[in-house]
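Novice: Handing you a structure now.
The values are calculated or read from the model by the stated rules, or taken from the named source; none is laboratory data. These figures come from a predicted structure and were not determined experimentally. Heads up, the Cβs are rebuilt from the backbone with ideal geometry, glycines too, and the neighbour counts pull from every protein chain shown.
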Amino acid sequence: MYSSKSMISGLTWMIIMMMMKIQECRGCTFSERQGLLELKAYFLSLSSDIHPDIARGWRTTSRRSCCSWRRVKCDLNSKRVIGLSLGDLYQSGFSDTLPLLNLTFLYPFEKLQRLNFSKSSLGGLFDQKQSYKSHERFRHLEILDLSYNFFDASVFLFLKEVVSLKTLFFGGNCIDGGFPVKELINLKNLELLDLKLNNISGHLPGKELTNLKKLKALDLSENLLTGLCRLEQLQELQVSQNRFVGEIPFCFSRFTKLRVLDLSSNHLSGKLPSFISNFKSMEYLSLHDNNFEGLFSLDLISELKELKVFKLSSKSSMLQIAETSATTGQKYQLRTLTLSNCNLSNIPGFLRYQKELRVLDLSSNTLSGAFPTWLLNNNTKLQILLLQNNSFNALELLRLHKLQFLDLSANNFNQQLPKDIGLMLPRLRHLNLSNNEFHGNMPSSVDTMEYLEFMDLSYNNFSGNLPRDLFIGCYSLKWLKLSHNSFTGPVVPRSSDMTSLMTLIMDNNMFTGKITNTLRNLRLLTVIDLSNNFLTDLSGNFLSGRLPLRFDSDYGYILDLHNNNLTGFIPDTLWKGMSTPSIDVVLLRGNNLTGKLPAELCGLRSLRMLDLSHNRLNESIPSCLTNLSFGLGGDGGNDPDWYPANMFSNVMDVYTEEYYESLLVSERFGLDYSVDFKVQVEFSMKQRYDSYMRGTLNQMFGLDLSSNELSGEIPEELGDLKRVRSLNLSRNSLTGVIPGRFTNLKSIESLDVSYNKLHGVIPSQLTMLQSLVVFNVSYNNLSGAIPLGKQFNTFGEMSYLGNVFLCGSPTNRSCGAAISSRGEEGSEEDESGLIDVVVLWWSLGCTYVTVLIGFVVFMCFDSPWRRAWFCLVDVFIERVRYLLGVI
């Protein structure tokens, strides 16, 4: 019995294997297989850095059917290739010439229905065999995605006769000028057209577009359009971030089939039209970020039974929301409601009948009173609640299992946080309570919020120590901002190597003690700002070892510990191992650091800003500082933006799941923390401290060693800091001359070497520094003529004070002919100081000889004065003899 069952089981497996073999034999045709391999070879000829799905998966030696290859889809019956997904083809892109796609290599795929070349850095199309008649090869193509490349309108010459197309994605390319209606007019079957993120301008040619009778969805957002009409057949229209002005055109009243309408982020103004109530099929209506004004009645949307998403806000601050009793009978259940900056003084009453809300944004109004707990009771699925910039003054929370984003910043809350806030908001990911008057300790229950990724409690009156397990329990926390409070105790009570913390901003508090070893475990830490606290002792703690490592990270690193009480020397080991990944900003000014500048600083090749001013550092300046990113160690102007573009990479964006989806819209809430969590860096530039953030950080390079006890000569090599914009060496004890190689500082805007002991002349070649705005050499021992010309004609007398041997404009001292001629001789400029010394010694010698000769002559004539002199000498001699006799 057992053997018969085994035999049956074995036969079954053999049949299954044979069927699989037969299925494999019925795979894609030989011509299609060869076509895929030739297509791969063509991609490799353009660049070897193609996606591994193709580089490794499409192999000549593979025995598998090409239908099982990644990015290839075949028809289940015919086994012909019907889909190629070749997006994100080149991982590193192209720095020089953009490649062209040869359509000839797509000829073998005669049944192709879907083709995706999005995000592949392609610059155009061409066909070696049939030129613009390629469409004859693509009779079955229905979906084409060429988005986010570098195509211009010439591509449509290849596509205008592909009449089978139903969906065309062409967003994020380089179409300039008017809408390409002539190129698209023959695509009679087109249902969805996506042309967002181009440079299309002017009015939309609605009359011609009426020939596209099947067109249902049109996305023209983020272009330069100024007008559109005659698109009555559309079901979805997305034209956000264009240049529409004036009131919403009356022709929109004919768009009765619309289910999606997005007019956000334009310049629309005036009153909202009453025909909005005619959009009976409307599901998604976004009108926010415009300039609407006047009175808007919620009655206009009360009969839109299908409405799921409604967004309205105005930049004009002249929009008023009206509500009548009719609105309480609204028949729709919203998922998203935005009424931001609408001058609301009360929460609309119809919200008491809403039970399905996921997102509620009532920010930037004049709402006051107690926190609306009834909103949370009614909407158990609520995920996002934004009430910032209002006047709420009392906070009471319920246990909210679904809430993920809560923003109550810039209100009037004046109380302690609920002790069990962590238990009430167990799934919270974003918490912003900044700019209120919360006081007391941070509740210990906060350390139970394991999903929390962002927390901002800055600009309140919190005090006391941080919860002991804050960085252990909140292991998902990435961004923490506690600045401008009165927190005390250690910065990090306890930490774990499992933490996700990337940004730690805790400036302007009362933290004390050493920077302990617990920071070593924060391995992903990217920004540290502990400035303006009471921290002590830089040596002998974690900073005497290596800074926290960030495994295979491309993030920038900001270390800000300025204005503390840090003492001791800068350890040699502080910077070891930090060239990759690298530190970009180091701010240690305003402490009591002593000792020399460690040569290991020169290993920070990506350092953009170094501020060690207002300390007690001594000895000489290392000449190897030219290895920094703004010197010979940098890569010129070709480095990518390190912040915000690359900083934090894609983890900057935090999203919820989708809560509305259509042909064009995939609606989900998200925050870009490169905007919402601003990192500022203060650096001295042009004799004042400026704040740099986002784009300006990418352009700033600076070195500030002022107000220390540095000595020795200024290294000539500092003249090779070719990208430095601010160089401050003032208030030290530097000697020698101003290096002639400073003429290589082509990007310098501010150069300050005042209050030192420099001598010699000011190199005349410095007049070639065309970007120089601030120049200060005051209170040194410089001499000779002040150079004139170009930027130097703009510097006043304050730039040269305290140099008594300097002459020429703008001082009141004129230069003699000898000094002028000597100043013009470049070979003698550096010897002017020695010439002054020689003249001094000759003057002293001549004076001594003259006095001696005059005395001798005086002794040769008999006179009462001569006799008195000799009497005085005799008395002196007798006195000496007497004293010697006594001894």
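Novice: Is it the case that T60 is among the β-branched types (V, I, T) and within 24 Å of F151 (Cα to Cα)?
Specialist: On the way: among the β-branched types (V, I, T): yes; within 24 Å of F151 (Cα to Cα): no.
Here the answer is no, as T60 does not meet what is asked.
Novice: Can you tell me which residue among V773, V761 is of a type outside the set (D, E, K, R), farther than 22 Å from G816 by Cβ and touching a residue at least 60 places away in the same chain (Cβ under 8 Å)? Can you show your working first?
Specialist: Details: V761 fails: farther than 22 Å from G816 by Cβ.
Of V773, V761, the one residue that is of a type outside the set (D, E, K, R), farther than 22 Å from G816 by Cβ and touching a residue at least 60 places away in the same chain (Cβ under 8 Å) is V773.
Residues checked against (1) crowded, with 21+ Cβ neighbours inside 10 Å; (2) farther than 20 Å from L398 by Cα; (3) of a type outside the set (D, E); (4) over 36 Å from the mean Cα position of the chain (by Cα):
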{"residue": "Q333", "(1), (2), (3), (4)": "no, yes, yes, yes"}
{"residue": "L344", "(1), (2), (3), (4)": "no, yes, yes, no"}
{"residue": "Q354", "(1), (2), (3), (4)": "no, no, yes, yes"}
{"residue": "V359", "(1), (2), (3), (4)": "yes, no, yes, no"}
{"residue": "L362", "(1), (2), (3), (4)": "yes, no, yes, no"}
{"residue": "G369", "(1), (2), (3), (4)": "no, no, yes, yes"}
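Novice: Step by step: first the residues of the stretch 239-264, then only those that are without any contact (Cβ under 8 Å) to a residue 60 or more places away in the chain and charged (D, E, K, R), then the one that is farthest from L192 (Cα to Cα). Which residue is that? Explain how you work it out, then say what you get.
Specialist: Initially, the stretch 239-264 is screened for residues without any contact (Cβ under 8 Å) to a residue 60 or more places away in the chain, giving 239-258, 261, 263-264.
Okay, now just the ones that are also charged (D, E, K, R), so 243, 247, 254, 257.
On the way: R243: 22, E247: 27, R254: 20, K257: 15 Å.
The residue in question is E247.
Novice: Taking interchain pairs and intrachain pairs at least six residues apart, which have beta carbon atoms under 9 angstrom, with the first residue in the stretch 60-85 and at positive phi and the second among the β-branched types (V, I, T)?
Specialist: Filtered contacts from the stretch 60-85: R71/I54; K79/T29.
Novice: Anything in the stretch 770-784 that is on the phi < 0 side of the Ramachandran plot and either touching a Leu at 6+ places or on another chain (Cβ under 8 Å) or not assigned by TED's automatic domain parsing to the domain that holds K746 (or both)? List them, or say none.
Specialist: L772, V774, F775, N776, V777, S778, N780, N781, L782, S783
Novice: While we're here: Every residue in the stretch 40-62 that is surrounded by 14 or more Cβ atoms within 10 Å (Cβ to Cβ) and in a helix (DSSP H, G or I), please.
Specialist: Result: K40, Y42, F43, L46, D53, I54, A55.
Novice: Let me ask something else about it. Looking only at the stretch 792-804, count how many residues are surrounded by 16 or more Cβ atoms within 10 Å (Cβ to Cβ) and not in a loop (DSSP other than H, G, I, E, B).
Specialist: 2
Novice: From (1) in a loop (DSSP other than H, G, I, E, B); (2) modelled with pLDDT of 90 or more; (3) surrounded by 14 or more Cβ atoms within 10 Å (Cβ to Cβ), pick out the condition that doesn't hold for L400.
Specialist: That leaves (2) as the condition not met.
Let's see how each residue does on (1) farther than 28 Å from G595 by Cβ; (2) without any contact (Cβ under 8 Å) to a residue 60 or more places away in the chain; (3) charged (D, E, K, R); (4) touching a strand residue (DSSP E or B) at 6+ places or on another chain (Cβ under 9 Å):
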{"site": "P715", "(1), (2), (3), (4)": "no, no, no, no"}
{"site": "L721", "(1), (2), (3), (4)": "no, no, no, yes"}
{"site": "T735", "(1), (2), (3), (4)": "no, yes, no, yes"}
{"site": "F742", "(1), (2), (3), (4)": "no, yes, no, yes"}
{"site": "M768", "(1), (2), (3), (4)": "yes, yes, no, no"}
{"site": "N780", "(1), (2), (3), (4)": "no, yes, no, yes"}
{"site": "Q791", "(1), (2), (3), (4)": "yes, yes, no, yes"}
{"site": "V804", "(1), (2), (3), (4)": "yes, yes, no, yes"}
{"site": "N812", "(1), (2), (3), (4)": "yes, yes, no, no"}
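Novice: I've got another one for you. Take the residues in the stretch 63-97 that are within 23 Å of Y148 (Cα to Cα) and of a type in the set (S, T, Y), then tell me which one is modelled with the lowest pLDDT.
Specialist: So the residue we want is S95.
Novice: Also, I was wondering about something else. Given the criterion more than 25 Å from F169 (Cα to Cα), of a type outside the set (A, V, I, L, M, F, W, C) and surrounded by 17 or more Cβ atoms within 10 Å (Cβ to Cβ), identify the matching residue among S65, S78.
Specialist: Numbers: S78 fails: surrounded by 17 or more Cβ atoms within 10 Å (Cβ to Cβ).
Exactly one of S65, S78 is more than 25 Å from F169 (Cα to Cα), of a type outside the set (A, V, I, L, M, F, W, C) and surrounded by 17 or more Cβ atoms within 10 Å (Cβ to Cβ), namely S65.
Novice: So in the stretch 264-303, with the set limited to residues that are more than 15 Å from S314 (Cβ to Cβ) and of a type in the set (D, E), which one is nearest to the chain's Cα centre (by Cα)?
Specialist: The qualifying residue nearest to the chain's Cα centre (by Cα) is E283.
Novice: Also, I was wondering about something else. Can you tell me which condition S409 does not meet? The list is (1) among the hydroxyl-bearing types (S, T, Y); (2) in contact with a Phe, Trp or Tyr (Cβ under 8 Å, 6 or more places away or on another chain); (3) under 29 Å from V359 (Cβ atoms), and all the others hold.
Specialist: Failing condition for S409: (2).
Novice: Still on this model: On the given criteria, is S363 in a loop (DSSP other than H, G, I, E, B) and over 19 Å from L295 (Cβ atoms)?
Specialist: Numbers: in a loop (DSSP other than H, G, I, E, B): yes; over 19 Å from L295 (Cβ atoms): yes.
Yes: the conditions hold for S363.
Novice: Ok, one more. Kindly provide the set of residues from the stretch 425-457 that are among the acidic types (D, E) and assigned to a strand (DSSP E or B), ordered by number.
Specialist: First, pick out the residues of the stretch 425-457 that are among the acidic types (D, E): 437, 447, 450, 453, 456.
Listed by number, the list holds a single entry, D456.
Novice: May I ask you to say which residue of S409, S458, S463 is polar (S, T, N, Q), more than 23 Å from S500 (Cα to Cα) and either within 25 Å of the chain's Cα centre (by Cα) or modelled with pLDDT under 90 (or both)?
Specialist: Values: S458 fails: more than 23 Å from S500 (Cα to Cα); S463 fails: either within 25 Å of the chain's Cα centre (by Cα) or modelled with pLDDT under 90 (or both).
One residue alone meets the criteria, S409.
Novice: Of all residues in the stretch 164-197, which are over 20 Å from H140 (Cβ atoms) and out of contact with any helix residue (DSSP H, G or I) (no Cβ under 9 Å at 6 or more places or on another chain)?
Specialist: G171, G172, G178, D194, L195, K196, L197
Novice: So V492 passes all but one of these: (1) touching a strand residue (DSSP E or B) at 6+ places or on another chain (Cβ under 9 Å); (2) at pLDDT 85 or above; (3) not aromatic (F, W, Y). Which condition number does it fail?
Specialist: Evaluating V492 over (1) touching a strand residue (DSSP E or B) at 6+ places or on another chain (Cβ under 9 Å); (2) at pLDDT 85 or above; (3) not aromatic (F, W, Y) leaves (2) as the failure.
Novice: Filter the stretch 157-186 down to the residues that are over 23 Å from Q241 (Cβ atoms) and not in a loop (DSSP other than H, G, I, E, B) and list them by number. So that I can check it myself, show each step before the final result.
Specialist: So the first thing to find is which residues in the stretch 157-186 are over 23 Å from Q241 (Cβ atoms), and the list is 157-166, 182-183, 185-186.
Result: L157, F158, L159, K182, E183.
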